[in-house]
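To start, the structure under review is shown below, and the notes come after it.
Values in this text are rule-based calculations from the coordinates and carry no lab data. These numbers come from a predicted model, not from an experiment. Heads up, the Cβs are rebuilt from the backbone with ideal geometry, glycines too, and the neighbour counts pull from every protein chain shown.
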Amino acid sequence: MTRIFLAICLITSVFFSFACVQKGGDANSTGATGDTIKVGVYGDLTGQTSSFGQSTKNGVQLAVDEINAAGGVNGKKITLVVEDDQGRPEQAKTVISKLINQDKVQAVLGEVASSNSLAAAPVAQEAHIPMITPSSTNPKVTEVGDYISRVCFIDPFQGSVMAKFAANTLKAKTAAIIGDVQSDYSKGLTEFFTQEFTKQGGKIVAEQKYAQTDPDFKAQLTAIRNSNPDVIYIPGYYGQVAIIAKQARELGMNMPLLGGDGWDSPELWKLGGDALKNAYISNHYSAENPAPEIQNFVKNYQAKFGVVPDSLAALAYDAAKVLADAIKRAGGTDSAKLKEAINQTKDFAGVTGRITLDGSRNAVKPAVVLELNPSASKFNYKETIYPEGMTPPATTGSTNTNSNSNMNSTAATNTNTNAVTSNANATK
Amino acid sequence: MDTFVQQLINGLTIGSIYALIALGYTMVYGILRLINFAHGDIYMVGAYAGFILATSLGFAQNPSVFGFIVTLIGSMVIAAAIGMAIERFAYRPVRRYSKMTTLITAIGMSLLIEYLFVFIFGGTPKPFPQLLPNENIRLFGEATISTSQILIFVVSILLMVLLQWIIYKTKIGKAMRAVSFNLNSAKLMGINTDFVIAFTFALGSALAAAGGVLTAQYNPKIEPLMGIITGLKAFVAAVLGGIGNIPGAVLGGLLIGAAETLVVGYGQYVGIPSTYRDAVAFAILILVLLIRPAGLLGSNVQEKV
Amino acid sequence: MSSWVKSLVIGIIVVAVLYVLNATMSSTGFFGVGIDDYQGRLLVFIAINIILATSLNLINGFTGQFSIGHAGFMAIGAYSSAYFSNVYGVGIVKSLASTGETVSTSVALICAVIVGAIVAALMGLIVGIPSLRLKGDYLAIVTLGFAEIIRIVILNIDAVGGATGYSVPGYANFLWIGIFAVITVIVIRNIVKSDAGRALVSIREDELAAEAMGVNTTRYKVTSFVIGSAFAGIAGALFAHYNKFLHTNDFQFIKSFEIIIMIVIGGMGSMTGAILGAIIVTLLPELLRKLPEIQVGASTFHFSDLRLVIFALILILTMILRPQGILGTREFGLSWLKRPRKTPEGGGAVGADTGVPIAQQEDAKRMQSEEDEDQ
């Protein structure tokens, strides 16, 4: 007993003796010294969803390199501290604590999975360090506090976008859903798609779930095939989605497939091939969009990392740019001012659209519906759907999203209409 | 009826893959009493080896039967070499120690392979080139079978027959059976046990790699962590059939595969949602072990007092 | 000094030390001296992992059963206690509001921990009775299977958040977690040193012989499994109320493996070994984050990108070079500080200083000598 007790005492005292720091005072004042601005990035770099974390890291890296090459922000260069959380919420909380307390970062970018962001966000909120999540779509994430914001859609908006599109443009009466059981993103989209689709008079005839590790999806698809839905909604990520599409076509299921921004990746075409015909997704942007800022981003990203960026990389890029812009406007990294500056972001021209943060620090931006064109490995623009309360371009003359979408869908299936930039001009 | 047949085909396809991997588990366990947790990762390594071969030798651009065979055999050889290296450098030094030590070494090896591949290839899923044309054949009604599924059945059966021949008709197979019966006695009989064990690892790894390449033809997406769950289920299949028993591993694999798809297809009518897919394999295993502790085809070893 | 006075004094010192440590983690620190949130978090995880490792050590190290599904019981404890806190805990805190925050949250925490322990123990009983008929690797794979089933079932219960995750009130602080860790270590040490502990060790050494000597092996095996599960439940409950957020991704089988690694790396069947293992497995991956980066041409190479590869390598090398674990079978202690004491009759428990069952040791020796002859 005594020995065990003494051993514990010894070990803790050793740990304690090297770990001591002076407490008290303003914790944030220590960080802002020197001529660099430290920004923390955390994500899953080695776990089950490591492709998400690596895309995010690359997107942020590209943005920061560009900013530093242009002379930095307010004359200061940005340095990144990247940490891996293995996709585990517990680890996400530990690494954000490390970034804030040990590395003294002045802002944090991350995570992708909402569950990891939800675990980590309270640490940033308590420490009064602004955190921008590039791609956590669950509404709860920013409800943690005023230091937490995001640059992506929230689930209720994106889920209802596709439901409206299915009901109004595709005239679908019945739909089936195949969702990812472990992903909060998928769960959110499923919920709000169901809600909106039912409201529009449609019926969900089958709902199946898969795990990202499933070796095939034919079992779920065969189960759906019986109910013969008009459309299948697949809120998931490209790795699984492409295979689901492929196997659905193999099973003779040729109805339209619908999805979200998680589909967007250069790998999608290679994985899915021709099976992706007759599929539509909602997205922030399209890599084929000819707008110069988007094309520059795609070109630079490809040059640096050797692959075409996916939507997670684009969102991470935007998150870093929004942060840099806010630091510039705040005139420094004082956390309260920086938070205010981030939250007042308005009409920021990002590659994923014009970003305006609303009162709940969610990005408000229109979604584009894209039709997949596998033979050319690109997306064709279909229509733009606006969030409630956001004014669509004046040319349509209507705040009603449905009438707007109908108008667009008749006119715009042909070429890559310059969707994002045209909105941008209109909202100015 | 078409739906049921369809689900059965789907299930047996997956089951054949599980069976191929389970064979490696069962052989290694039969000889060393070691749960080789890294075996699932060898399946992943096999798929990556096939990917590198197919893209670097140009089979991805000009798919052909020849290209597929070269890729398949090449990746089996590479995986066999890696399997032997793992045995030589990680497992042999700890072989004589307690079960826990060897188990932790195996877990460590599994983590090492996974993280090394994440580091080298990144976590992004890679598209595996289609080496053979994939077409659908309508059986009857709505039930279809694709050529890649047929390929899985044919190659698995061929490999299993080959394995059976190696084990029962060749000298090395006889030595393997002797070592698995009693390692020390086999050594006394003049069998080079180290060689036999290395050969077993090579054989098991080659089968897992074949499983990896076949899966990649059917489901053309490979990623560094693809072997964890599949490997675990294959291990469950091996235990289910009676670990150390070769036909048992095949039976176990097919059973787990079929059970999984049937749960997804019909579970909802009996109150089991499709999300319980991964739990089903374990539930079946537990039930079987409680009734027949040695597995379906395993022989009950009476403990001597 | 009579023994109870001694225990009391030690108890007071332990609580005082933990109190000071807890104070250093608060925002003001202990008289201005403190450690930051990150370091505090690591200390808390060390304490939680000590509970997990020592409790698994009771099952694996001392009883000789092969359980590799400890994270499942941790998950059960975490989710049941979290559900309890969200449903009843809030009411408890409110009704005790007059007593102050410290008292009310402590009461709520202890209630939640008890709930977590009881539910995990019940689950341990349900899992243990049928599966402990199995031996060795079969038991291992069944416990792993149960842990996965538990995780998948929790993932499908929307009342506890499912894939979104589950928020929990943060009642736990280091003081309580530390106290629970110390209690766990003492309780398990006392079990091991008691008659029951000798029965457990006898099962590990030779189950048939133990049965022949009149030890009710089934009862003892199930008991040790249930006690181990209950402590895993306590660890889960503390984790839930400290982390304030639960998600099934934290309870995947890699977590079970980590706990196994703790006890094997420290030395199976050694109390201090399990504690040392818990500290190493918690701190090593974090320390590896601090690996340097080097410039190769225009790009920087971060050695910390390889930290998990290095961790796996260290694990394998430890097993090859020191298969019995770092402490092996010994207890680490400061025995030289103690006055020499009369050894109690019968000495330590049978095999108390051997982590590897005696039968296996002999096996190993035999194989070793055979291999020597070969060369």
Low-density loop chymotrypsin sites (Phe, Trp or Tyr not before Pro), region C:6-101, at most 11 other Cβ within 10 Å, DSSP non-H/G/I/E/B, are C:F31
Partner lysines whose C-alpha sits under 29 Å from that of B:K171, ignoring same-chain residues fewer than 8 away, are B:K187
If R0 = 35 Å, then B:V270 and A:T198, at their Cβ-Cβ distance, give a FRET efficiency to the nearest 0.05 of 0.85
Given Cβ charges of +1 for Lys and Arg and -1 for Asp and Glu, the option among A:V64, C:W176, A:V231 whose Cα lies farthest towards the positive end of the dipole of the protein assembly as shown is C:W176
Fewest to most Cβ atoms within 10 Å: C:H302, C:H247, A:H128 sort as C:H302, A:H128, C:H247
Final fewest-first order of B:V161, B:V264 on the 10 Å Cβ neighbour count is B:V161, B:V264
Per DSSP, the loop-located trypsin sites (Lys or Arg not before Pro) within region C:136-202 having at most 14 other beta carbons within 10 Å are none
Excluding near-sequence neighbours (fewer than 8 apart on one chain), chain C holds lysine pairs with C-alpha atoms under 22 Å apart numbering 9
The aspartates and glutamates whose Cα lies under 15 Å from the Cα of A:K187, excluding any fewer than 8 residues away in the same chain, are A:D155, A:E196, A:E207, A:D261, C:D158
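For region A:342-378, which trypsin sites (Lys or Arg not before Pro) are in a loop by DSSP, counting at most 13 other Cβ atoms within 10 Å?
A:K346
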For A:T384, the residues 5 or more places away or on another chain with a placed amide H closer than 5 Å to its own amide H are A:V369
Everything considered on the Cα gyration tensor (a ≥ b ≥ c; rounded for a/c under 1.5, else prolate if a/b is larger than b/c, else oblate), region B:81-228 must be described as oblate
Taking a straight Cα-to-Cα line shorter than 15 Å from A:K203, and setting aside same-chain aspartates and glutamates fewer than 8 residues away, one finds A:E191, A:D230
Sites removed, the longest contiguous part of chain B containing no DSSP-loop GluC sites (Glu not before Pro) with at most 14 other Cβ within 10 Å is B:136-302
With R₀ set to 35 angstrom, the calculated FRET efficiency between the beta-carbons of B:K171 and B:I150, to the nearest 0.05, is 0.55
Taking a ≥ b ≥ c as the square roots of the Cα gyration tensor eigenvalues, with a/c under 1.5 meaning rounded and otherwise prolate when a/b beats b/c or oblate if not, the protein assembly as shown comes out oblate
Asserting the computed 222 nm helical MRE of the protein assembly as shown (DSSP H runs at least 4 long, -39500 (n - 2.57) per run, divided by residue count, to nearest 500) equals -19000 deg cm²/dmol
Percent antiparallel among DSSP beta bridges confined to the protein assembly as shown, rounded to 5, stands at 50
Note: C:A209 to C:T300 extended length (0.36 nm per residue) minus current alpha-carbon separation gives 26.6 nm
For the pair B:I120 and A:A349, the simple spin-label estimate (label points 7 Å beyond Cα toward Cβ) gives in nm 4.5
Contour minus Cα-Cα span, C:E293 to C:I114, at 0.36 nm per residue, comes to 59.8 nm
GNM of chain C, Cα pairs under 10 angstrom: of C:I48, C:I157, C:I280, the biggest fluctuation goes to C:I157
For the table B:K99/B:K221; A:K164/A:K321; A:K38/A:K304; A:K164/A:K209; A:K339/A:K365, the rows whose alpha-carbon distance is greater than 24 Å are B:K99/B:K221; A:K164/A:K321
